[in-house]
Amino acid sequence: MDFRLTPEQEALKKEFETFFEAEMKKAPEGWMWGLDGLYNDIGWPFNKYMAKRLAEKGWLVRPWPKEYGGSNATIMEQLIFSDVIGYYCAPGVDPLGIGMIGPTLLAMGNDQQKKEHLPPIAKAEKFWCQGWSEPNAGSDLASLTTKAVKDGDDWIINGQKCWTTGAHRADWSFMLARTDPAQKRSKGITFFLVDMKSPGVTVRPIPGMDGSEHFNEIFFDNVRVPSRNIVGQVNQGWAVTQATMNFERSSVGVISGIKRALYELVTYCKENNLKNKPLKDNPHVRHRLAQLFIDIETGHAMSYRCGWMQEKGDLLGAASASCGAKVFSTELWQRCAFTGVEIMGLYGTAAHTTKLAPIRGQFENLVQITPGYKLGGGTSEIMRNIIAWIGLGLPRK
């Protein structure tokens, strides 16, 4: 593995940095990076603005084929983009549309589905949410109970989904429903695309402990979905959820976001004192900051290794490596958040709504939201299981 970027990659990175340096100066007052920043009333208009700007630049879906709005960019180029956008804490990339359903349709969708759904994603015209988790089917997704019953050329869906990020802003949802109740677990499940404006779809917010409302419940009450909106085969939806695409999944944006937060914490330590002595000179503070810097460099290397493996075609190995990067980066986010609040003392617990809050209350907010990062997208426990089964070849029992 060569850690150096090529001259062309360095120039591309500089182009990204120049763009985000200028655009992020337009962020609204009160903008907070993170899921709530994407979906709350302050952040959503800015998120849509940035999405349009990125679409105009042709950067939203660079790895996709040109016919669907991409430029056939390499995985490493996409990783560099994710690295830079993460460092600048910039919005604009729909994590569900661009990060999940787009690659899934490229891998498993039919021509009609690709033509209908991929261009609007590439142009930032449509946004998506994921209808997978249910009240009694989260990590154990195969136990889901939402049902779909055939009715002519349509399917009638009834059930409930929860922890659905951005459902209140989404135009479409990709979701799973059980279409054959006689089959158990992962069998008899079908993958549907659902227009969120369909009659019978109700969205209710799930308030977070920080006051955010980016999670939601979705209720399906006799929602009619045409058969053309099934991805893959009926009763074979589980295989669709496992579909992979030549698309960057490395958690590098998380790592670079942590780096940006740590730089701000270091600046705080240079400008503030503890018992009339600069925080930066306190040996305990210096040790904690140094350890975070070491961890960030470790995570950065793990992320770039994922991209390198994907580009070399080792998709199975990359799947395990990506799980490792996901566990490491999300747990590092929490360690960084807790370290920041501990260094700041009681002022570190002040909410961003008060002028007393250091660094705009960013670390107080992170303490509340980072535990959820270890759950969303697959819990750390599940990620470790995948690492053991796929990466290490250990038995499941």
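Observations on the structure shown:
- For a straight C-alpha distance cut-off of 16 angstrom, the aspartates and glutamates reachable from K280 (same-chain residues fewer than eight places away being disregarded) are E264, E271, E342.
- Database remark: amide H of G232 closer than 5 angstrom to the amide H of N110 (H placed geometrically; neighbours at sequence offset of 5 or more, or on other chains; Pro and chain starts carry no H).
- Between the beta carbons of A142 and N72, assuming R0 = 22 Å, the FRET efficiency works out to 0.05 to the nearest 0.05.
- A simple rule links phi to the HN-Hα coupling: the Karplus curve 6.51 cos²θ - 1.76 cosθ + 1.60 with θ = phi - 60°, which for region 318-325 gives 5, 4, 5, 5, 5, 5, x, 5 Hz, with x for Gly and Pro.
- C-alpha long axis of helix 362-373 to longest principal axis of the chain, angle in °: 30 degrees
- The aspartates and glutamates whose alpha-carbon is closer than 15 Å to the alpha-carbon of K270, local same-chain residues fewer than 8 away aside, are D281.
- Solvent-free Debye scattering, log10 I(q)/I(0), computed from the Cα coordinates of region 290-366 at q = 0.14, 0.18, 0.27 Å⁻¹: -0.57, -0.74, -1.10
- Over region 221-346: Kirkwood hydrodynamic radius from C-alpha pairwise inverse distances, Å: 17.5 Å
- Bridging of K150 to aspartates and glutamates at a Cα separation below 14 Å is possible for D180, once same-chain residues fewer than 8 apart are set aside.
- For P(r) over Cα pairs in 10 Å bins from 0, in percent, the value calculated from this model appears in [x] 5, 18, 20, 16, 13, 11, 10, 6, 2, 0; [y] 5, 24, 37, 25, 8, 1, 0; [z] 5, 21, 32, 27, 12, 3, 1, 0 under label [z].
- Crossing angle, helix 252-271 versus the chain [Cα axis fit, 0-90 degrees, rounded to tens]: 20 degrees
- Tilt relative to the chain, helix 111-122 - C-alpha long axis, 0 to 90 degrees, to 10: 20 degrees
Values in this text are rule-based calculations from the coordinates and carry no lab data. Computed from a predicted structure; not experimentally measured. Neighbour counts run over all protein chains shown; Cβ positions are idealised from the backbone, glycine included.
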